[in-house]
Each structure stands twice: as C-alpha cells, then as structure tokens.
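Heads up, the thing below is written out as structure tokens.
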Amino acid sequence: MHSGPGPHWSVAEDWGSPLAHHLVVRDMVGAREFDALRLPRTAASVGVVPGIPRRLARTLANEWRLWWNRCVAEEPGPVNADFRDAAGPAMPQGTHLSAFVLQHWPQIRACAEQMNERAGAAARFPGDLSITHAVADVSATLRRPTRPFSLSIEVLSLADTRLWRVAPTRVLVSTDLRLDAPAFGLLLHPVLRDLA
C-alpha cells in the first residue's frame, strides 16, 4: 500500500491477483478469439480445451465477458468471486460457463496459483518508490496537488509486457513491466493523471 500525505491518494499494489483465474478460464475457453477487451495472454501455458463446438464457444465467451464485467470492470473494490474454495468459485450467472469452470476447476486453480506464485516471487522490496515518484510527477505536471483518489494495481506473471486498465480504478500489470520502474512509471502516468 502506497499513500500520499493526508487524504490525497492511495494505491494498493498486489503481486498476484484473482484476475489470474479469469484469464485462465478465458484462455481455456478460447474467448480471446471473441475478446474485444484486448486482455493479456497468461504465462501459464494454458491451452484451449479441445472439442468445444463453435456455438458453445461463443456462448462461453459471452458468459465470460459478462462475468468479467460484473466481477472486475464494474466493481471498484476487490474482485468479488472467492477462488479459495477447492470445489470452485461461486458464479451466479452463466450456466454454461459455470459448468465449464466446475468441470475444469483443478486445472484452472493450478494455473492461476502458478501465475500468482510467480508474481509473488518477483515482488519488489518495500523500498520501491516508483509509484510515489509517478504520482509526484503527475502532480508537478498538473502544477497542483492531486485530487483524492484510490487505485488498485494487480501484478501478474503474463505473456505480454504491458499495463491494462481493466476498470476506472484498477490496472493489471505484467511482472516484467512492473520490474522496469521507468517504463512502468511512464505507462502508469496517464492513469494517474486521469484520476488526479
């Protein structure tokens, strides 16, 4: 957790994220083919489950998109699905996707845990000030203190080295980008400026 003086801003940074489960499911379903969100590929060697009929694949992709929007894009706080249950997460909508997830839950869980473990192993030391410096740069650019804001940064081991703004106050960052402080600060700058 990083924060500015007083109530100005706060950034929660997590090295590992429940978003890993969403992305693993997306890769297994093959929803990337229908993914207008342009989200990253996982770095967990997840392949499309073979033999899914095209019509079912479209249904699964649409249900996945609704799941993503409901749990991630529309929620300002933590992702609201509980992925700790070994039996599978609670998925209130999407009967086809729910059945798919429950059928493949051990593999989904293993791949997501692998991604989160890799992210955790890559975590920076607590002395990293790149976020604080990026906020200070934005404040200097705006020539004023930042307005109060909060931002959630979720770092995952991903195949692509980028930053994705997945909700107004949530970004997903690859570990490779997060470890490159200058590049990370540069890509974080527009998000911070928008919030500040």
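At a 1.4 Å probe, what is the % contribution of carbon and sulfur to the accessible area of region 124-195?
Working: 2030 of 3460 Å².
Carbon-and-sulfur percentage of accessible area, whole number: 59.
Just to confirm, what accessible area per residue do you get for region 124-195 at 1.4 Å probe, in whole Å²? Write down the numbers at each step before the final one.
Numbers: 3460 Å² over 72 residues.
Ligands and nucleic acids excluded, the figure is 48 Å² per residue.
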Approximate spin-label separation Arg165-Ala183, in nm, with each point projected 7 Å along Cα-to-Cβ = 2.0
note = Arg70 and Leu56 label points (each 7 Å along its Cα→Cβ direction) are spaced in nm at 2.1
Separation in nanometres of the label points that stand 7 Å from Cα toward Cβ, at Ala136 and Ala36 = 4.2
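The values are calculated or read from the model by the stated rules, or taken from the named source; none is laboratory data. This one's a predicted model, so the numbers in the text were calculated from it and none came from an experiment. Reconstructed Cβ throughout: ideal geometry from the backbone, glycine too, with neighbour counts over all protein chains shown. Remember, those area values only see protein heavy atoms, side chains included, never the ligands or the DNA or RNA. Shrake-Rupley method; radii C 1.70, N 1.55, O 1.52, S 1.80 Å.
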